[in-house]
There are 2 protein chains.
Amino acid sequence: MKKFKIVIVDDHLLFSNSLKKLIESFGDYEISKQLVNGKDFIDYIRSEEAKPDLVLLDVQMPVMDGRETMAWISDHLPDQKVLILSMNDDKSSIIQLLKLGARGYILKDINPLKFKEAIGKVIHSGFYHSEWISTIMFEEMSRDSNSDELLSDKKIEFLNKVCSDKTYKEIAGEMFLSPKTIDGYRANLFKKLNVKSRVGLAMYAIKSGLIKI
Amino acid sequence: MKKFKIVIVDDHLLFSNSLKKLIESFGDYEISKQLVNGKDFIDYIRSEEAKPDLVLLDVQMPVMDGRETMAWISDHLPDQKVLILSMNDDKSSIIQLLKLGARGYILKDINPLKFKEAIGKVIHSGFYHSEWISTIMFEEMSRDSNSDELLSDKKIEFLNKVCSDKTYKEIAGEMFLSPKTIDGYRANLFKKLNVKSRVGLAMYAIKSGLIKI
DNA sequence: TACTGAAAAGGGTTTTTTCCTGTATTAAAT
DNA sequence: ATTTAATACAGGAAAAAACCCTTTTCAGTA
């Protein structure tokens, strides 16, 4: 019987290789390739005619992270099944990736049995949603769908600079904008992300994985 | 031939279980127990007469993290061999744990062969220091040993509160100290950690693993 | 005992952040 | 064609953060 092909994209080699052992011990699957970031994954997938049955995608990675990679997959391989492997359970990050077409989102502290179930579900039924993911999706749906627009590139750039020693005036200079415009970004994000200070903003940016440190 | 006993302390069950498979594939070792935080580890080790040959200890964990756990081990089981498994390569975090008696410090993006070598070295030679760790230790030694005092509990508590929406006045209230004292902590830490703003402080605290988010 | 160093606190000032309320421009939606 | 929405920007003011420099207290120790 032919085994299902799985590709792992994760920069933590120890985790990636360990996970390979675990998955192989399940019996039905084989790890056809391991990559350390989205860039390598794209290079690999372009050079292969046989697509994997499942991609296990880490969120936090250097060079090209899970979100960017998922966006590329969504554009170029919309039918590719992808299961997100993440360390944090931040809502907006989850929503973002699911909107980009990820078939499931699991935390790294999941137990191996559940994990095996998740892989099977995605490969055979097309998706896997744990109870808490369903809850989060439901909450998201039943909200007054305003906060679901993702942040613009400029705001992401701003958020990155917020997480530093720079003053707003310096940030404005670097972004070729008026300090008053920057103040507008700030106020806008405070409201949208429900925080009351620059530190709160920085914490949100990090927790949500919107910016990498 | 009797196998060496290894205990894994890591809250990411998927990683922990995968790692178990990897280590068992090496042949010489067996995983005698897996725990998800320092608290559970202590409970376990107290109930066992046979100590493990090696403890693989994660740094970032809920309830009781790697630093706290290492401190306990240092007090109660000074001869216990511990290999730190971390995600970040922050200097002060490394120095801290090595001072507490950890026998090695490896990053989770290590490749499995190196990892196998590290385990072997710690069990048979008592320690494992990769080249870059040695470099860091050397730099640390050759510094004008002033900044090596670890931060006090009060300062750690303060750092935790810095990473929030709270104002310094509110922080002072929560810590039953005068805002002026808090201002002193702030100035002190700015100098010691070489930052110029509260955000910089928060970023440092997170990067170094001093506080968990 | 007198000295030293760290923690806690206060007075006062400057800079930065935060919060208002507005306006002009442009692009998209109705 | 007109409303709506997002972006870029301003003036002004209050709050918070950051930076001075000084004092008290207290524990360890030379």
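A short reminder: the numbers here are calculations on the coordinates, not readings from a lab. The structure presented is a predicted model; accordingly, all values stated were derived computationally and were not measured. All Cβ positions, even for glycine, are placed from backbone atoms using ideal geometry, and neighbour counts span all protein chains on display.
Excluding residue B:22 itself, what net charge comes from residues whose Cβ is under 9 Å from its Cβ, given Lys and Arg +1 and Asp and Glu -1? All intermediate terms of the calculation are to be shown ahead of the outcome.
Numbers: positive: A:20, A:21, B:20, B:21, B:116; negative: B:24.
Value of the local net charge: +4.
Nearest 20 debye, what's the magnitude of the dipole of chain B about its Cα centre given +1 on Lys and Arg Cβ and -1 on Asp and Glu Cβ?
Numbers: 32 positive and 31 negative charges, 83 e Å.
Dipole magnitude for chain B comes out near 400 debye.
Just in region B:1-91: which GluC sites (Glu not before Pro) are loop by DSSP and have at most 10 other Cβ atoms within 10 Å? List each step's numbers first, then the result.
Details: sites: B:24, B:30, B:48, B:49, B:68; in loops: B:48, B:49.
Passing sites in region B:1-91 are B:49.
Of the listed pairs A:21/B:121; B:81/B:155; A:108/A:192; A:121/A:207; A:116/B:21, which have alpha-carbon separations greater than 20 Å here?
Details: A:21/B:121 23 Å; B:81/B:155 30 Å; A:108/A:192 28 Å; A:121/A:207 28 Å; A:116/B:21 14 Å.
The answer is A:21/B:121; B:81/B:155; A:108/A:192; A:121/A:207.
What shape does region A:32-146 have by the C-alpha gyration tensor, where a ≥ b ≥ c are the square roots of the eigenvalues, rounded means a/c under 1.5, and otherwise prolate means a/b greater than b/c and oblate the rest? Don't skip to the end; give the middle numbers.
Working: a/c = 1.70, a/b = 1.40, b/c = 1.22.
In terms of gyration-tensor shape, prolate.
Over chain A, what lengths in whole Å, largest first, do the semi-axes of the equivalent ellipsoid take, defined as the square roots of 5 times the eigenvalues of the alpha-carbon gyration tensor? Walk me through the numbers before you get to the answer.
Numbers: eigenvalues 246, 71, 44 Å².
Result for chain A: semi-axes of 35, 19, 15 Å.
Under a Cβ-only charge scheme (Lys and Arg +1, Asp and Glu -1), can you give me the dipole magnitude of the protein assembly as shown about the Cα centre, in debye to the nearest 20? Walk me through the numbers on the way to the answer.
Working: 64 positive and 62 negative charges, 143 e Å.
About 680 debye.
Using the Cα centre of region A:10-87 as origin and beta-carbon charges of +1 (Lys, Arg) and -1 (Asp, Glu), tell me which of A:34, A:55, A:12 is placed farthest towards the positive end of the dipole.
Value computed over the given set: A:12.
How would region A:172-213 be classified by its alpha-carbon gyration tensor: rounded, prolate or oblate, with rounded meaning a/c under 1.5 and the a/b versus b/c comparison settling the rest? Could the numbers behind the result be given before it?
Numbers: a/c = 2.66, a/b = 1.44, b/c = 1.84.
The shape class here is oblate.
What is the Cα coordinate range of region A:1-75 on the first, second and third principal axes, sorted by size from largest, in whole angstrom?
34, 28, 17 Å, listed from the longest principal axis down.
Taking only DSSP H segments of four or more residues, each worth -39500 (n - 2.57), what value at 222 nm results for chain B once the sum is divided by all its residues, to the nearest 500 deg cm²/dmol? Before the final figure, lay out the partial values.
Numbers: 10 runs with 111 residues, N = 213.
Calculated at 222 nm, the ellipticity per residue is -16000 deg cm²/dmol.
Can you give the relative contact order of chain B as a percent, counting alpha carbon pairs under 8 Å and 6+ residues apart? Walk me through the intermediate numbers first.
Details: 257 pairs, mean separation 31.6, N = 213.
Rounded, it is 15 percent for chain B.
Mind checking which of B:20, B:180, B:39 has the largest fluctuation in a GNM of chain B, springs on alpha carbons under 10 Å?
B:180
With springs only between Cα atoms under 10 Å apart, run a GNM on chain B and tell me which of B:122, B:195, B:36 wobbles the most.
B:195
With the label 7 angstrom out along Cα to Cβ, how close does residue A:176 come to the same site in each of the other copies, in nm, nearest first?
Distances to the matching label points in the other copies: 5.6 nm.
Given H placed on each backbone N at 1.01 Å, which residues far from residue B:35 in sequence or on other chains put an amide H within less than 5 Å of it?
Close amide H contacts, sequence-distant or interchain: B:8, B:9, B:10.
Using modelled backbone amide H atoms (1.01 Å from N, in-plane), which distant-in-sequence or interchain residues come within less than 5 Å of residue B:210's amide H?
Amide H neighbours of residue B:210: none.
Let me know the shape class of region A:58-103, please: from the alpha-carbon gyration tensor, a ≥ b ≥ c as square roots of the eigenvalues, rounded when a/c is under 1.5, otherwise prolate if a/b is greater than b/c, or oblate. All intermediate terms of the calculation are to be shown ahead of the outcome.
Numbers: a/c = 1.88, a/b = 1.30, b/c = 1.45.
The shape class here is oblate.
Over all directions, average the projected area of the Cα convex hull of the protein assembly as shown and note it in nm². Numbers along the way, then the final one.
Details: hull surface 97.2 nm².
The Cα convex hull of the protein assembly as shown, projected and averaged over all directions, gives 24.3 nm².
Rounding to the nearest 10 and keeping the result within 0 to 90°, find how far the Cα-based axis of helix A:38-47 lies from the longest principal axis of chain A.
The helix A:38-47 is inclined about 40 degrees to chain A.
Mind listing the phi-derived Karplus ³J(HN,Hα) values for region B:196-210, rounded to whole Hz, using 6.51, -1.76 and 1.60 with θ = phi - 60°, and x for any glycine or proline?
Listing the rounded values in order: 10, 8, 4, 5, x, 4, 4, 4, 4, 4, 6, 4, 7, x, 4 Hz.
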